[in-house]
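Have a look at the structure below, then the notes.
The values are calculated or read from the model by the stated rules, or taken from the named source; none is laboratory data. These figures come from a predicted structure and were not determined experimentally. When we count neighbours, we look across all protein chains shown, and the Cβ atoms used for this are built from the backbone with ideal geometry, even at glycine. Quick note on the areas: whole protein, heavy atoms, side chains included, nothing else; ligands and nucleic acids left out. Shrake-Rupley method; radii C 1.70, N 1.55, O 1.52, S 1.80 Å.
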Amino acid sequence: MRRTTRAVARRWASACALALIGLLVALPAVAPVVAADPVTITARGLLGGRFTTGDWAAVAVSLANDGAPVTGTLSADSESGEVRRTVELPAGSRKEVVLYVRPAAFTRELPIQFTSDAGTVTAVAELAGLDRGGTTIALVGDGAASLRTQIADRDQGATLAPFDVPATDFPERPEPLRGLSVIVWAGDSTALTEGQRQTLERWVAGGGQLIVVGGPDWQARAAAFTPLLPVTNLEAVDDVSVAPLAALGGELPEGVTALTVATGEIATGARSLVALGATDDRPLIAMAPRGAGRVVWIAADLAAPAFSAWDEGGAIWSRLLGNDAALQFIGGRNQDEEAAAMTQALTNLPALEVPPAELLLVLIVGYILLIGPVSYVLLRRVDRRELAWVTAPLLVVVFSACSYGIGTSLKGTQLIVNQISVIRSVAGGTAANVTTWAGIFSPARATYDLSVAGDALLAGVSTGGTGTTALPTEQGDPAHLRGLAVNVFGLRAIRADTLVPREPGLSVNWRLDGRRIVGSVTNLGADRVTDVAVLTMSSGKLVGDLDPGETRDFEMAAADFTGVSPADQVYGFAGAGDDREEQRRRGTRRQVLAGLVGYGGGMPVSAFGVGADRGPYVVGWHEGSPTDVVVDDQDVQRFSQSVEVVSGRPEIDPGSVEVRAIDIGSRVVASEGQVDRPDPASVVIGAGSATFELALPLDLADLKPTEITLWVAGDPGTALMEQGVGGGMFPRGYLLEVLDPASGTWTSLGDLATNNRFAVPDPARHLDPDGVVTARVIGDADAADGGRFSIYVAASMKGSLQ
């Protein structure tokens, strides 16, 4: 009986176990399915994900809502704090929202979040920093990598590889493009929005170089840029000889004998750089200045697959893009340097001044006398010296209260906003880029929220000028910055970037006359403009105040290396005779100009290549600002002024042309023997030789030279600065020669041991028809015994244009 009961129990246990297992297996099938998140998100960095360290990057975020209507916040963490934007998503909607952030240096992945009542979804945008040590080049439509091959072979110090950008991946505001030097466009431009087209137009006017490649697809490529192009009435021309391209870039790829090109008539103010042929003067390559930048049209389709192996094409791009070795020494627009100068200018307030020395002396002496001899004498007279332990603390409290009262009376009790706006306008434009720097001075420890109209991009700035401070911002119109904490009698700085409707208030008509800039400035506005000045990276000239409609002439050196900064050349040094208010005004404006062009000592900027973001400029001062920084729910005392900045490219006086070494490209085209290339900017020569091509910019290819000077140094900086140091830089045995292109013979100029500056005899004979001088450095066996030396060859020229 007991055995039967045990058997029955075992059967029941087995049945229960099987039932439990079946239930566990069935549960997932009958459990309710959790619905997927109704909002999905993807993100990509615009401009190919590139950004300039310390500046704005644009991230396009695509949102899809397959559920009920929802409102949420799009956010990302950046170097300047969390950036947020409110987004409404109706049911079934699809939206693309652009978020502008300031990524930290070396950021590769940037998480983007969308947070709503339904939860949080995340996407990651891939980014890459732009190196400012050379020419930064974006390629659009280079599917066959033909342009990349040609540009990478341009040599002459090029260290940065071009990168690809899809045609539609350009933001609708210009700030993210500030670190970009060149755009080579071979893609379809018809898909660009009006906002994107205007952004590219403003980027060009600010100093960018747009090169549009034509060919059979010229209509789609040129559609968005018609008003900017240097050629009008474009049409396709078949079976055009390739001889002009071969003359500039060397032997063409096999099978390329004739091309279909897109050419037309030269636009007003433009110039043909290369004609189709000897009997056809229509342009193969044409250029037009546009503000501080320029637009180049290439009639042939150099992006076609047939040119993918055209290594010789680098010669053309070296002539168009300028001397990259020079840009490595110039550097780019330094955000920290600019921020340091601007925040220093913001602190130039009466409320932040140190109290007068005589007042401090009176307070200190009074305190010592009061708590010491005076207190002792009084207590002695009343015979209560034991009360000193009571009177001493009381006197300290009274003195502290008096000192605080005096400080309050000097610094005031009102919140102060001190703002300086930098207005970058474009000739003939209807809008201006405005960067407003604002300092918030508080008489008490407090936290403030700020607002700026116009969908401004806001960021906190370190008062030390070494970067940004992390503060949350909300993008939109108006934009908000939250939680700005200011200490008692302290100042915190922010910056706001925006675009405002504004016509230029100044116009400039200028030209390069030798190595001087000559021209005139006109006040186009209805208000007086003060302290109008002209600036380059190394020189400055004060023009003076201009009444409405008034014009004044000026003349100045294009470069000045006396050691005096451009700002000091404009304002001089504060004199003892200046009153305090005048010293404050001049000091503030001096700091702002230093923020624009630096503190001096920089390389001159080529007038024919890229790099116009460092001048020349015409500047003038206005009262007030087009953009106000508002402290929410606070009454403030506001100090406001703005400086208008007009940049451009001076015209060339054809009768007197001086081409500096920094304007002339230098590239190594051949080498023999013991020659190494440790970097693209120079060669290391032992017992061997290196041949350099020194090419004029295509703007000046028809120069009639009266002087050609070759400069040789161990680094590009010395040669490009045209520093003659005599002998001693190299040992004996390094010889410099120059080629006579007509006869093919070499003319010896001398030994580098005796000099580094050489005048070329009979200059016109040694400059070939394409504007190229060919030089060769030869190291003999004796030179090899002394080791190997780095050598860079540059050239400067004087003459006139045909």
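Miscellaneous remarks
- Criterion (buried (at least 21 other Cβ atoms within 10 Å of the Cβ) and closer than 21 Å to residue 428 by Cβ) met by exactly one of 195, 187, 207, 179: 207
- Filtered residues of the range 431-445 (kept if open to solvent by 10 Å² or more (accessible area, probe 1.4 Å), more than 17 Å from residue 620 (Cα to Cα) and touching a strand residue (DSSP E or B) at 6+ places or on another chain (Cβ under 6 Å)): 431
- In this entry, residue 741 passes the filter for residues that are closer than 23 Å to residue 317 by Cβ, surrounded by fewer than 17 Cβ atoms within 10 Å (Cβ to Cβ), at pLDDT 85 or above and not acidic (Asp, Glu).
- Residue tally, condition touching a strand residue (DSSP E or B) at 6+ places or on another chain (Cβ under 7 Å), open to solvent by 50 Å² or more (accessible area, probe 1.4 Å) and in contact (Cβ under 8 Å) with a residue 24 or more places away in the chain, over the range 489-512: 5
- Close pairs from the range 297-320: first touching a residue at least 40 places away in the same chain (Cβ under 8 Å) and open to solvent by less than 10 Å² (accessible area, probe 1.4 Å), partner aromatic (Phe, Trp, Tyr) and assigned to a loop (DSSP other than H, G, I, E, B), Cβ under 9 Å, at least 6 apart: 302/310
- Residue identified as in contact with a strand residue (DSSP E or B) (Cβ under 8 Å, 6 or more places away or on another chain), farther than 21 Å from residue 196 by Cβ, open to solvent by less than 10 Å² (accessible area, probe 1.4 Å) and at pLDDT 90 or above among 285, 266: 285
- For residue 675: the one exception among (1) part of a strand (DSSP E or B); (2) among the hydrophobic types (A, V, I, L, M, F, W, C); (3) surrounded by fewer than 19 Cβ atoms within 10 Å (Cβ to Cβ): (3)
- Among the residues of the range 146-164, those that are out of contact with any Pro (no Cβ under 9 Å at 6 or more places or on another chain) and either at pLDDT 85 or above or open to solvent by less than 10 Å² (accessible area, probe 1.4 Å) (or both) comprise 149, 150, 154, 162, 163, 164.
- Residue, modelled with the highest pLDDT, within the range 26-58, restricted to residues that are assigned to a loop (DSSP other than H, G, I, E, B) and touching a helix residue (DSSP H, G or I) at 6+ places or on another chain (Cβ under 8 Å): 46
- Listed by first and then second residue, the pairs linking a residue in the range 278-290 that is β-branched (Val, Ile, Thr) to a residue that is open to solvent by less than 60 Å² (accessible area, probe 1.4 Å) and assigned to a strand (DSSP E or B), with Cβ atoms under 6 Å apart and 6 or more places separating them unless they lie on different chains, are 285/273; 285/274; 285/298.
- Output for the range 214-254, where each listed residue is assigned to a loop (DSSP other than H, G, I, E, B), under 16 Å from residue 300 (Cβ atoms) and either modelled with pLDDT under 85 or open to solvent by 40 Å² or more (accessible area, probe 1.4 Å) (or both): 216, 217, 242, 250, 251, 252, 253
- Test: residue 470 is closer than 18 Å to residue 54 by Cβ, surrounded by fewer than 19 Cβ atoms within 10 Å (Cβ to Cβ) and touching a Gly at 6+ places or on another chain (Cβ under 7 Å): yes
- Filtered residues of the range 98-109 (kept if open to solvent by less than 20 Å² (accessible area, probe 1.4 Å) and either in contact with a Phe, Trp or Tyr (Cβ under 9 Å, 6 or more places away or on another chain) or modelled with pLDDT under 95 (or both)): 100, 101, 102, 103
- Qualifying residue in the range 760-767 (condition: modelled with pLDDT of 95 or more, among the hydrophobic types (A, V, I, L, M, F, W, C) and touching a Phe, Trp or Tyr at 6+ places or on another chain (Cβ under 6 Å)): no
- If you filter the range 545-567 down to residues that are open to solvent by less than 20 Å² (accessible area, probe 1.4 Å) and at pLDDT 95 or above, you find that the one that is farthest from residue 511 (Cα to Cα) is 546.
- All positions within the range 446-456 that are surrounded by 23 or more Cβ atoms within 10 Å (Cβ to Cβ) and assigned to a strand (DSSP E or B): 450, 452
- Wholly enclosed strands (runs of 3 or more DSSP E) of the range 59-170 bearing at least 3 residues over 20 Å from residue 303 (Cα atoms): 70-78, 81-89, 94-101, 109-116, 119-126, 128-130
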